[in-house]
Amino acid sequence: MAGRWARGSAAAFYAGGMNSVQLVLLALLFGAAAGVGVFALISFAVRAGRRARAAATAQVPEGVTQVLSAMDDAAIVVDRSLTIVAIAPAAAAFGLDTGGVVVDDELRDIVRHAQRSGGHERAQVRLRRPGMSAETHVAMARASMLSPRYCLLMLHDITEQLRVEEMRRDFVANTSHELKTPVGAVTLLAEAIESAADDPDQVRYFTTRLAFEAERLARLTSRILDLSRVQAAEELTEAVSVSVDEVVAASLEEHAVVASAAKIELVRGGQRGTTVVGDAQTLTEAVSNLIANAVAYSPAGAHVGVGVRVVDGVVEIAVTDQGTGIAEADQQRIFERFYRADQARSRRTGGTGLGLAIVKHAVQRHDGEVRVWSQPGRGSTFTIRIPEGGASVASQNRNDSQ
């Protein structure tokens, strides 16, 4: 009896133990299932967040397109594949357009660096404009990330700024070099006069030389100021109707005495009564410089002619000489500051090398151009071409001033 009770108790205890294990296992399974569910929910939330962020960056940030349309500089927005998705109007000048791909290696590198760093990248680049294979433009490029997907690339063209700075440096260097010669000569001659104080003939000789160098220095200084003045403004501040007849007459009269002394005849021909829109003083200086060169480089007994004609609405003022002529290799450079095709003759005549540079800038201010034809031994012809103007311009200016 007791044995049966003991066996029954053991069976009951074993059955109870089994139920406890099953409960623990069920609890573990439920906990695991709950954990998997929570993990799945978290993963789903993370993926949903990523999809939301990707959707948010799939479009160009709001307002960027409007800002680009108002920009003067070239600018584009590119995606991770360097495809252009938005542009500023000025970007078209560099061959950049929506839907295209950035192909320039320097621009690609700047964008790639900005994408890797997630910040800004800035560098100077050289770009070619479509249709201008021989012309390279320099620009400051700046890349900035707008979002994880899009990058803003801005291009500021500094070609003209660099050109002006280079011209300024060259002008200062050239002017300093040119001024050293007469200044040094004046110093040496002054010392020579002091050393030869007891020799009247030597004093007179050195004094004459000193006066020549002083005049040369004054002439050079005056020409430098003239060139600086015509370069100071790219456009005319006031447009008036200018009589070409008066400009030519004033220029010829200015050199009549010098030409007569050199036994050179000045001849006026061509059409009369033509007018242009511009500044009379500046145009007179331009024509006067051409006549001065023609007289200086012509032999005694030669003729210097000034002719005027109108061709297709353009007034042409041509100055022709029978001088030594200009070699073809020099014709491309004669309008540079201080450039002299004939150094020896220029020293004898006191030339500064600035006359033709003044002519070029004076004519450019009038939306014109100056051309040259020349052959060694046959002379030269310089032609100023300026759009024709009428008396109505002067009348309009008078009405505006009243």
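The values are calculated or read from the model by the stated rules, or taken from the named source; none is laboratory data. Remember, predicted model here, so these are calculated numbers, not experimental data. Cβ sites come from the backbone with ideal geometry, for glycine too, and all protein chains shown count toward neighbours.
Quick look at the values:
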| read-out | value |
| --- | --- |
| Selected residue (only one of Arg378, Arg347 is basic (Lys, Arg) and modelled with pLDDT under 80) | Arg347 |
| Pick from region 268-310, criterion over 41 Å from the mean Cα position of the chain (by Cα) and of a type in the set (A, V, I, L, M, F, W, C), ranking: nearest to Val372 (Cα to Cα) | Ala302 |
| Selection status of Ala114, modelled with pLDDT of 85 or more, in a helix (DSSP H, G or I) and touching a His at 6+ places or on another chain (Cβ under 9 Å) | yes |
| From the options Val257, Val247, residue that is exposed (fewer than 14 other Cβ atoms within 10 Å of the Cβ), modelled with pLDDT of 75 or more and out of contact with any His (no Cβ under 9 Å at 6 or more places or on another chain) | Val257 |
| Inter-residue pairs, beta-carbon under 8 Å, first surrounded by 15 or more Cβ atoms within 10 Å (Cβ to Cβ) and in region 87-101, second part of a loop (DSSP other than H, G, I, E, B) and among the aliphatic types (A, V, I, L, M), 6+ apart | Ile87/Leu96; Ala88/Met71; Ala90/Met71; Leu96/Val102 |
| Residue that is modelled with pLDDT of 80 or more, of a type in the set (S, T, N, Q) and at negative phi, where the choices are Thr181, Thr136, Thr175, Thr159 | Thr159 |
| Test: residue in region 59-77 that is modelled with pLDDT of 90 or more, over 19 Å from Pro130 (Cα atoms) and of a type in the set (Val, Ile, Thr) | yes |
| Qualifying residues in region 294-327 (those that are touching a strand residue (DSSP E or B) at 6+ places or on another chain (Cβ under 8 Å) and part of a helix (DSSP H, G or I)) - the one surrounded by the most Cβ atoms within 10 Å (Cβ to Cβ) | Ala294 |
| Condition check for Gly368: assigned by TED's automatic domain parsing to the domain that holds Val244, loosely packed, with under 14 Cβ neighbours inside 10 Å, at pLDDT 85 or above and closer than 19 Å to Val240 by Cα | no |
| Pairs with Cβ under 9 Å, 6+ apart, first in region 241-268 and under 15 Å from Gln281 (Cβ atoms), second among the basic types (Lys, Arg) | Val244/Arg272; Val248/Arg268; Ala249/Arg268 |
